[in-house]
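Take a look at the structure set out below.
The values are calculated or read from the model by the stated rules, or taken from the named source; none is laboratory data. The structure displayed is predicted, hence computed values, not measured ones. Reconstructed Cβ throughout: ideal geometry from the backbone, glycine too, with neighbour counts over all protein chains shown. Accessible surface is based on the protein model in full, side chains and every heavy atom, while ligands, DNA and RNA are left aside. Shrake-Rupley method; radii C 1.70, N 1.55, O 1.52, S 1.80 Å.
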Amino acid sequence: MRKIWMLTASCLVAASLFGPAAFAQNPEAEAAAARAAAAAAAARANAQVSPDDPLEKICRIGPRSREVEIQKMEPFKVFDNLYHVGPCYVSSWVLKTPQGDILFDTAQEPFVDMIEANIKKIGVDPHDIKYIIIDHGHVDHFGGAKRLQEFTGARVMATPEDWKMIEAFAGKPNNRDGNKPTEVPMRDMDVREGDHLDLGDQHLIFHTAPGHTPGNLFVEGLALHDGAQTYRGIWGGGGLGAPGLVGAEQGVKNAEKLNAVKGVQVYIMTHAWQDPNGYPGGGIHERAKKLAGRKPGDPHPFVDPATWDARAKRQLETARKVLVEEQAKAGATKAN
């Protein structure tokens, strides 16, 4: 175990018990994951939606999801120490602590001005943000990191595998900003499986879940305050593996890792709409409406452990099913 002291009363401790190295070094698996991500993005852009669908669906999939104006959102408080400050389709969150704040994901241009304005609107001094955590190396998650690092002076954290993705994107067209060249942050802090970040009253534990990208991650341990009550949150949520046998094997490992995290009460989503049919009970903005109308004594609409547990269980069941299918395909190929 190694310990790195970064800022006053904050540290990053690396356990690195196991990680995505074997998966990330498989070019075929990485290429398959990239193709799958591109296909999923195309399917979302061409999806059919109804005007009666919830906002998070319309701004995430279908033709209107490409409109800039529909993405503009006012910030809102979800817990006493957690604020949503990002655009509609991809989330950016500020977690406040007594010793500095953490920004989760940065969206992309042309929404960075909005995020900067929203950070100020919630009363946060940008320089109080000490860390920026990038969920994975797709431009909708890291595209604002360079500007937001300059805006805040924060350290930027991502997995080594996805830092490579981020660096490789430098200068490539931004798919939402008139194809302007994408600016990427300089490589800063690496995070690996089992690392933890201690800041103020937060003890965050990082987990890698390769598949969507080689270094996709999720973070457990968020302490979310609602008056005298504190709830346990998770951000990111893992994911299935890439296509093919190697990806399916990794997908089972990812799902087992996700199910090993116990006591999750709040799911902090990276996207407002969860494919394929939305998150049961409502996505970010549906739950935000319920929160705005919450009366004293009403349950908090973002606190939903039963739905999270069902999601995690379903992911493991799906991953095991996919693995059996891929094993059968591999056996048939060998027989031929």
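Do we have any residue at all in the stretch 75-84 that's open to solvent by less than 10 Å² (accessible area, probe 1.4 Å), in contact (Cβ under 8 Å) with a residue 12 or more places away in the chain and in contact with a Pro (Cβ under 7 Å, 6 or more places away or on another chain)?
Taking every residue of the stretch 75-84 in turn, at least one turns out to be open to solvent by less than 10 Å² (accessible area, probe 1.4 Å), in contact (Cβ under 8 Å) with a residue 12 or more places away in the chain and in contact with a Pro (Cβ under 7 Å, 6 or more places away or on another chain).
If I ask for residues that are among the β-branched types (Val, Ile, Thr) and in contact with a Leu (Cβ under 8 Å, 6 or more places away or on another chain), which ones from the stretch 233-283 would you list?
Selection gives Ile234, Val252, Val266, Ile268.
Say whether the condition of being at pLDDT below 85, open to solvent by less than 30 Å² (accessible area, probe 1.4 Å), closer than 30 Å to Ile102 by Cα and among the aromatic types (Phe, Trp, Tyr) is met by at least one residue in the stretch 12-32.
yes
I'd like the full set of residues that are under 19 Å from Arg192 (Cβ atoms), in contact (Cβ under 8 Å) with a residue 24 or more places away in the chain, open to solvent by 10 Å² or more (accessible area, probe 1.4 Å) and part of a helix (DSSP H, G or I), limited to the stretch 125-179.
Across the stretch 125-179, the qualifying residues are Pro160, Glu161, Lys164, Met165.
Of everything in the stretch 74-129, what is among the polar types (S, T, N, Q) and out of contact with any Asp or Glu (no Cβ under 9 Å at 6 or more places or on another chain)? Give them in sequence order.
Thr106, the sole residue that qualifies.
With respect to Gly100, is the statement that it is at pLDDT 95 or above, of a type outside the set (A, V, I, L, M) and touching a strand residue (DSSP E or B) at 6+ places or on another chain (Cβ under 7 Å) true?
yes
Can you work out which of the residues in the stretch 205-223 that are part of a strand (DSSP E or B) and open to solvent by less than 10 Å² (accessible area, probe 1.4 Å) is farthest from Lys253 (Cα to Cα)?
Among them, the one singled out is Leu222.
Considering only residues of the stretch 180-202 that are open to solvent by 30 Å² or more (accessible area, probe 1.4 Å) and assigned to a strand (DSSP E or B), which is nearest to Ile61 (Cα to Cα)?
Pro181
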